[in-house]
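The values are calculated or read from the model by the stated rules, or taken from the named source; none is laboratory data. On a predicted model such as this, the values are computed, not experimentally measured, just so you know. Note: ideal-geometry Cβ built from the backbone for every residue, glycine included; neighbour counts use all protein chains shown.
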Amino acid sequence: MRFDDGLSVHCDVLVEADVPQVWELVTDIRLPARLSPELQRVAWLDGATRPRPGARFEGYNHHQRLGEWRTVSHVIELEEPRAFAWAVTDADGRYGEPTLDPATCMASWRFLLEAEGEGTRLRQSAFIGPGRSGVTLALERWPDREEEIIAVRMRELRAGMEATLHGIKTLAEEGT
């Protein structure tokens, strides 16, 4: 896989709970910080308390090789109770010029929910770019290792997504 091909990763899980119950969990932006190996904490900005188009939240991340950094995310899609997506921007300029423009985001993330039988098919997706990120930084430093760098990052993202999805599944099925 090459960066110019467009990087994305998707995972899904069948949750034995109804869509509204799963929706409440996926729209709690603080929940992934309890489940993800990389995202450490999240807080709404600008007085927001729930997702709405244009709402912003900051996230604090930690990665063994990249250290710690802050992002500002913008809700770019909210179709209750089906889709919730946000664009992650490099507000502090860790990977290049600081930006709060969702059009130049480092990545975008999306939850998609669909009723399936008695439960909910929950899918999480991540799309890398088009803005600068840790991936672009690594590719500039080691251009000859592009496929390896991308494969490692895709594995990391998939592992984080699987942890998040299975955590949501457990919480929803336990009714907590």
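Matching residues to (1) closer than 29 Å to Arg121 by Cα; (2) touching a Ser or Thr at 6+ places or on another chain (Cβ under 8 Å); (3) crowded, with 16+ Cβ neighbours inside 10 Å:
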residue	(1), (2), (3)
Glu24	yes, no, no
Arg30	yes, no, no
Thr49	yes, no, no
Val75	yes, no, yes
Glu79	yes, no, no
Ala87	yes, yes, yes
Ala91	no, yes, yes
Cys105	yes, yes, yes
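Within the range 91-132, count every residue that is of a type outside the set (A, V, I, L, M), in contact with a helix residue (DSSP H, G or I) (Cβ under 7 Å, 6 or more places away or on another chain) and over 22 Å from His166 (Cβ atoms).
3
Any idea which of Arg121, Arg141, Arg153 is more than 20 Å from His10 (Cα to Cα), at pLDDT 90 or above and not aromatic (Phe, Trp, Tyr)?
On the way: Arg121 fails: more than 20 Å from His10 (Cα to Cα); Arg153 fails: more than 20 Å from His10 (Cα to Cα).
Going through Arg121, Arg141, Arg153 in turn, the sole match is Arg141.
Quick one: which of Thr27, Thr49 is among the hydroxyl-bearing types (Ser, Thr, Tyr) and modelled with pLDDT of 95 or more?
Thr27
What number of residues within the range 55-90 are modelled with pLDDT under 95 and either small (Gly, Ala, Ser) or touching a helix residue (DSSP H, G or I) at 6+ places or on another chain (Cβ under 6 Å) (or both)?
Of the residues in the range 55-90, 2 are modelled with pLDDT under 95 and either small (Gly, Ala, Ser) or touching a helix residue (DSSP H, G or I) at 6+ places or on another chain (Cβ under 6 Å) (or both).
Can you tell me which of (1) modelled with pLDDT of 95 or more; (2) buried (at least 18 other Cβ atoms within 10 Å of the Cβ) is the one Gly167 doesn't meet?
It fails just one condition, (2).
Please report, ordered by residue number, the strands (runs of 3 or more DSSP E) entirely within the range 64-122 with at least 3 residues that are small (Gly, Ala, Ser).
Values: elements: 67-79, 83-89, 107-116.
It comes to 83-89, 107-116.
For the subset of the range 140-161 comprising residues that are of a type in the set (D, E, K, R) and surrounded by 14 or more Cβ atoms within 10 Å (Cβ to Cβ), which member is farthest from Asp28 (Cα to Cα)?
Here the answer is Glu146.
Across the range 107-117, what is the total count of residues that are crowded, with 19+ Cβ neighbours inside 10 Å and farther than 14 Å from Ile76 by Cα?
1
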